[in-house]
Amino acid sequence: MSRACRKRPSRLHAEGPLVPYLEPYAEYLADHGYSQVAFWKKTYLVAEFSRWLHRCDIAINEIAGEHGEAFLRDRARHGLLKAGDHFTLSGMVAWLRDRGVIDSPPVVMAEVSSIERVLQEYGAFLLEARGLAPTTIENYCGYVRRFLTDVAVEHDWQLASVKANQMADYLRRNAPKNRKFVSAKHIVTALRSFLRFARSRGYVHGDLAAAVPSVAGWSMASIPRAMPADCVQALLNASATWKEPVGLRNHAILLLLARLGLRAGEVVRLELDDIDWGDGCLIVHGKDRERRPLPLPHDVGQAIATYLEYGRPRSSSRRVFLCAHAPCGELRGCSDVSVIVARALKRAGIESCSRGAHQLRHALAVGMLRQGASLTEIGQILRHRSPQTTRRYAKVDIEALREVALPWPGELP
């Protein structure tokens, strides 16, 4: 639908202080992919708000939050208030504030606690010195914040007062038996990282990082939860038939996960400039800000090109994959990709023990292993930083394990 046919001049014709901004706001809604019905509802409500302001003799520079509430109460008294009107009006006011048409409400600066000041410094250290991803920094700071809040008193708090026995007691209470080993290990890793930072900055004097107890667990104890190869193929075959814009996007994402083994975060961070159509390759933004080139298979490139031409909303963003519903912004994170995979499995009628995106990455590694690829080759494709990470896939090659297994010493009773 063209932008011109979205507009209804009779509805956009209004009086009041918002008249000069109705046309630019309509352009904004059209550019952000709102449906025709949503477009009409929003522009109509804003036109009505402008008429109400005119009747109340309120100028554009006098609009405040209480005026919007009064307008909605007036519509409710006349039985005209509809679901979503609060959201529409607040969006219009935010749009006007972003453009400097009306003043933003005064910002009340909250006093930053001692814990938050240290965490801000720690987060900056992780970003600048360690080069960690923003999501990793957020997770680390979250673990440390909960620990410091648990062992500290805000009004009389000193980091140097933290004792080794407090850390052991905290882990006993917050890493119970029903918590997964990996989750508990993340707490330990974050605390050790923070305490090393605190010692380097002089906040603590002893080596408290060495006092953080380890979590009982065994390396290589788990088996990669990979989707069976026939289920992967059935999922890709089903997604190839989806022709609506969101289906085109999801099919391209599923191919990147299944054919190239991309992580969910790498799919989110993929940008238009990362695709070299001439050489048939793409640049993957991996962990620790590394950039690795990968070959672009024909079917994957075709799916991405089809989505860009027929499914991707108009946007100034350089990210390849955008939200399918207005406002059509960027995907928020890894969880969005996992939700796409889970919904695709449900739509295709495929039952799987796992619903996340990483199972397709595991499936690629298992498939390569069963086709004769070496662990070194698998590690290179999956961009593992340590060979130890790749070795876990050897446990799923049952035939190879049978060849090296020792005979059982005697029959079972």
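The values are calculated or read from the model by the stated rules, or taken from the named source; none is laboratory data. Since the structure is predicted, the reported quantities are computational estimates derived from the model, not experimental observations. Positions of Cβ are backbone-derived with ideal geometry, glycine not excepted, and every protein chain shown enters the neighbour counts.
Filtered by the rule that a residue be part of a helix (DSSP H, G or I), over 20 Å from Ala326 (Cα atoms) and basic (Lys, Arg), the stretch 242-268 gives a lone residue, Arg259. Scanning the stretch 286-300 for residues that are within 23 Å of the chain's Cα centre (by Cα) and surrounded by 12 or more Cβ atoms within 10 Å (Cβ to Cβ) gives Gly286, Lys287, Arg292, Pro293, Leu294, Val300.
Scanning the stretch 88-104 for residues that are within 20 Å of Phe39 (Cα to Cα) and among the small types (Gly, Ala, Ser) yields Ser90, Gly91, Ala94.
Residues checked against (1) modelled with pLDDT of 65 or more; (2) crowded, with 18+ Cβ neighbours inside 10 Å; (3) closer than 20 Å to Arg196 by Cβ:
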residue	(1), (2), (3)
Phe147	yes, yes, yes
Glu154	no, no, no
Leu159	yes, yes, yes
Ala168	yes, no, yes
Asn174	yes, no, no
Val182	yes, no, no
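Taking the criterion of being touching a Lys or Arg at 6+ places or on another chain (Cβ under 8 Å) and assigned to a helix (DSSP H, G or I), the residues of the stretch 61-97 that qualify are Asp85, Thr88, Gly91, Met92. Glu309 meets the stated requirement of being assigned to a helix (DSSP H, G or I) and either surrounded by fewer than 14 Cβ atoms within 10 Å (Cβ to Cβ) or of a type in the set (Asp, Glu) (or both).
Checked against the criterion of being closer than 21 Å to Ala326 by Cα and touching a residue at least 24 places away in the same chain (Cβ under 8 Å), the candidates His32, His54 yield just one match: His32. Considering the stretch 269-294, the residues that are touching a Lys or Arg at 6+ places or on another chain (Cβ under 9 Å) and part of a loop (DSSP other than H, G, I, E, B) include one that is farthest from Arg130 (Cα to Cα), namely Leu270.
Screening the candidates His362, His384, His358 for the property of being over 19 Å from Leu255 (Cα atoms), modelled with pLDDT under 90 and surrounded by 14 or more Cβ atoms within 10 Å (Cβ to Cβ) yields one hit, His384.
Considering the stretch 314-351, and only residues there that are at pLDDT below 85 and surrounded by 18 or more Cβ atoms within 10 Å (Cβ to Cβ), the residue that is farthest from Gly91 (Cα to Cα) turns out to be Ala324.
All conditions but one from (1) surrounded by fewer than 16 Cβ atoms within 10 Å (Cβ to Cβ); (2) touching a residue at least 60 places away in the same chain (Cβ under 8 Å) apply to Leu262; the one that does not is (1). Residues of the stretch 27-71 that are aliphatic (A, V, I, L, M) and surrounded by 17 or more Cβ atoms within 10 Å (Cβ to Cβ): Leu29, Ala30, Leu45, Val46, Ala47, Leu53, Ile58, Ile63. Looking across the stretch 47-60, the residues that are part of a helix (DSSP H, G or I) and among the hydrophobic types (A, V, I, L, M, F, W, C) come down to Ala47, Phe49, Trp52, Leu53, Ile60. Please verify whether the stretch 241-259 includes one or more residues that are under 22 Å from the mean Cα position of the chain (by Cα), of a type in the set (D, E, K, R), modelled with pLDDT of 90 or more and exposed (fewer than 15 other Cβ atoms within 10 Å of the Cβ). Within the stretch 241-259, none of the residues are under 22 Å from the mean Cα position of the chain (by Cα), of a type in the set (D, E, K, R), modelled with pLDDT of 90 or more and exposed (fewer than 15 other Cβ atoms within 10 Å of the Cβ).
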